[in-house]
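Below is one structure, written out as structure tokens, with a few remarks after it.
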Protein chains: 2
Amino acid sequence: MKTLLLTKEEVDGLICMHEVIGAVEEAYKAFNSDQVLQPGYIGIHLPSPRGEVDFKLGYNKANEVISMKASSGGFIDNPTAHGVPSGMGTILLFDARSCALTCVMDGSLITGLRTGAAGAVSVKALARKNARTVASIGTGNQARMQIRAINEIMTIEEVHAWDSHPDTLARYKRDIETEFGIPVVMPNSKREAVEQADILVTTTRGKGSLVEADWVKAGTHIVAIGTDQQGKQELDPEIFRNAKVVVDSMAQCAEKGETWHPLNKKIIAKDDIHGEIGEILVGKKPGRENDHEVTIFDSTGMAIQDNVAASRIYQNAIDRGVGTFFEFFKS
Amino acid sequence: MKTLLLTKEEVDGLICMHEVIGAVEEAYKAFNSDQVLQPGYIGIHLPSPRGEVDFKLGYNKANEVISMKASSGGFIDNPTAHGVPSGMGTILLFDARSCALTCVMDGSLITGLRTGAAGAVSVKALARKNARTVASIGTGNQARMQIRAINEIMTIEEVHAWDSHPDTLARYKRDIETEFGIPVVMPNSKREAVEQADILVTTTRGKGSLVEADWVKAGTHIVAIGTDQQGKQELDPEIFRNAKVVVDSMAQCAEKGETWHPLNKKIIAKDDIHGEIGEILVGKKPGRENDHEVTIFDSTGMAIQDNVAASRIYQNAIDRGVGTFFEFFKS
């Protein structure tokens, strides 16, 4: 029995953002069509300066693939002490018909890609059709990935960016302007950035409100990326009071997403959540209904996104003859 | 960064049962010395004729290795429909200092080996020193593995074997007599087999009591292997009433081991459980204290057994230059 091995470089060449966006849409649709099993993930937290490693398992009945992603992060001494990145990843794919191991691929890139794509999928479903301006609170890697993905599906005329670290912000401005030719404005305050936004993207490691409710203008679509565990927060929970709230997974977002905060403060009840994004994509629920409503997409990240994106990468590798086969046992 | 790949054949040649027994002892000791983190495992159950796949994660502070074993079983159509075994396995090892992926090895053999070794470790700690006769209820692969392991640490003069399938029993007799030169007696009944036992090993897929309490003679050591999830059972719970009960993991055995049954029937309370086998191995609790007591070892299987056994295999591979290095990314 042969297993395909794919390096990080090969993975990088095997999928473009356009395809990842398609994969994430497919994942969300599968999730809301009873095609997905995703047991709660397991992980190990190690003492500082080490980080954590999580194992996320997903089964997609639509493609009969079981995926397991091991993903580490926060090992801040790795580059200097061990010569490896502070976070790494490995993905296993199994053929769910036999449970044979079909693929072992480097999984370092996929989390960033599918999270970027998630933002773009939400923009398609929830942003105003005449949206042109993106405000980015946070200017790290995932902030770049959001622009890369949103730029695939609409014309961004201007990015208004804010970061608590001026150096990071300056690098972001240079990179976005060079790579995409989109002008990046550096406003005098977060408030100024938010007030300019047709689409507001938050991708920080924030642990408290960074965006106040009265800064958000009518018609804004908010892509809330940063909060994926208890203790993190980016938005004033008051923003949720009159917004159309869409989540990737109701169970996850209510427990550890940005949505946990307004639920916890009883600003909204679970019934006030409009629904899961897959429900909109499969047509069970409407997306944006007018140009005035504020929409929020709360993304915590799901194993099924990894599953579908990695399956596409694997299929592309097979089709293009990329990768190295290894026989773990003779059958 | 380089990751070592090990095939099933290479794994088979890299460790002998003697070493696995040492590894499992080390694992049990680590578990009872606050050196182990083992989050609850996650799995997916597929509809018949497919089976299930489990993912077990363990972190051993003593060797700074994080292991993840993916293990499938019960895919009964695999040999005919897909040309692969009904169960397969894959083990990932990570260096816990950086979370770098150090090894991907076939994991088909390790569960059988470490479970066999577990029985032998319990025999060392709990069987009478003058034990000579083993009774085996169940004569499948794991029954063979138990004999292979116990044979490493004592002289077995005779095996009394019983199975509900006469063909399986006949093959077992032939194999054990050929491989180990130990005579296998086929008694007229289970009762006769049990009554002959110094050591009673149960390795069935039983879902009800197979061994009655009044068949068990004083001084017997029972190795209860088969029950590792709710719904399985091999022993009359009355056997536990006056026995010295030792478990691999209190949490697991009370929830899904053989020990669940007498607890559920209130034949014993949790406080009546003598302890975990690691507590005996590190000297915190006594093992067998006289030739009359009945001892029971309830084994449900722990990720840390896979962790330590796989780490030995990896180390042996490095020392002997066995395996294939693969670079998942350049660092």
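Data table
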read-out: Charge dipole magnitude, Cβ of K and R +1, D and E -1 - the protein assembly as shown, Cα centre, debye nearest 20; value: 140
read-out: Pairwise FRET efficiency - B:E289 versus B:A251, Cβ, R0 = 25 Å, nearest 0.05; value: 0.45
read-out: GNM result for chain A, Cα springs below 10 Å: residue of A:P262, A:P286, A:P49 fluctuating most strongly; value: A:P49
read-out: Net charge, B:G87 excluded, C-beta distance under 11 Å - Lys, Arg +1, Asp, Glu -1; value: -2
read-out: Under 14 Å, Cβ to Cβ, from B:R191 - net charge with Lys/Arg +1 and Asp/Glu -1; value: -3
read-out: Compactness of the stretch A:127-301 - radius of gyration and Dmax, Cα, Å; value: 15.2, 45
read-out: Approximate spin-label separation B:T324-A:E192, in nm, with each point projected 7 Å along Cα-to-Cβ; value: 5.8
read-out: Förster radius 41 Å - calculated FRET efficiency between A:N264 and B:H45 (Cβ-Cβ, nearest 0.05); value: 0.75
read-out: Per-selection Rg to Rh, the stretch B:230-331 - Cα, Kirkwood hydrodynamic radius; value: 1.19
read-out: Inter-centroid distance (Cα atoms) of the stretch B:53-72 relative to the stretch A:193-254, Å; value: 37
read-out: Electrostatic dipole magnitude of the stretch B:116-301 [Cβ: Lys, Arg +1; Asp, Glu -1; Cα centre; debye, to 20]; value: 160
read-out: A:E52-B:S209 FRET efficiency (beta carbon distance; Förster radius 45 Å; 0.05 resolution); value: 0.55
read-out: Aspartates and glutamates with Cα under 19 Å of A:K284, excluding same-chain neighbours fewer than 8 positions away; value: A:E25, A:E26, A:D34, A:D248, A:D271, A:D272, A:E276, A:D298
read-out: Anisotropy class of the stretch A:15-171 from Cα gyration tensor, a/c 1.5 cut; value: oblate
read-out: Across the identical copies, how the A:N141 labels are spaced - nm, sorted shortest first, 7 Å along Cα→Cβ; value: 3.9
read-out: Leading residue at positive end of dipole, the protein assembly as shown (Cβ point charges), from B:L169, B:G321, B:A224; value: B:A224
read-out: Distance violations [Cα-Cα > 26 Å] among B:K61/B:K129; A:K61/B:K69; A:K56/A:K207; B:K61/B:K330; A:K69/B:K330; A:K330/B:K232; value: B:K61/B:K129; B:K61/B:K330; A:K330/B:K232
read-out: Dipole magnitude (debye, nearest 20) for chain B, charges at Cβ of Lys, Arg, Asp, Glu; value: 360
read-out: Square roots of 5 times each gyration tensor eigenvalue, C-alpha, the protein assembly as shown, largest first, Å; value: 54, 25, 22
read-out: Residue of B:D34, B:D271, B:D236 that the Gaussian network model of chain B assigns the largest fluctuation, springs spanning Cα pairs under 10 Å; value: B:D271
read-out: Sum of side-chain charges, A:R312 neighbourhood, beta-carbon under 10 Å (Lys, Arg +1; Asp, Glu -1); value: -2
read-out: Which of B:P39, B:V11, B:G22, positive extreme of dipole for the stretch B:8-47 (C-beta unit charges); value: B:P39
read-out: Translational D in µm²/s for the stretch A:52-110 (Stokes-Einstein at 20 °C, 1.002 mPa s, Kirkwood Rh from C-alpha pairs); value: 172
read-out: Relative pair counts by distance (%), Cα atoms of the stretch A:1-44, 5 Å bins; value: 5, 15, 14, 15, 20, 25, 6
read-out: The stretch B:82-172: relative contact order as a whole-number percent, Cα under 8 Å and 6+ apart; value: 24
read-out: Fluctuation leader among B:R171, B:R288, B:R320 - chain B, Gaussian network, Cα springs under 10 angstrom; value: B:R320
read-out: Scaled radius of gyration (Cα, divided by 2.2 N^0.38 Å) that chain B gives; value: 0.98
read-out: Calculated Rg and Dmax of the stretch B:168-242 using C-alpha coordinates, Å; value: 13.3, 39
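Bear in mind that the values in this text are calculations on the coordinates, not laboratory data. Since we're looking at a predicted model, the values are computed, not measured. Please note: Cβ atoms are built from the backbone with ideal geometry, for glycine as well, and neighbour counts cover all protein chains shown.
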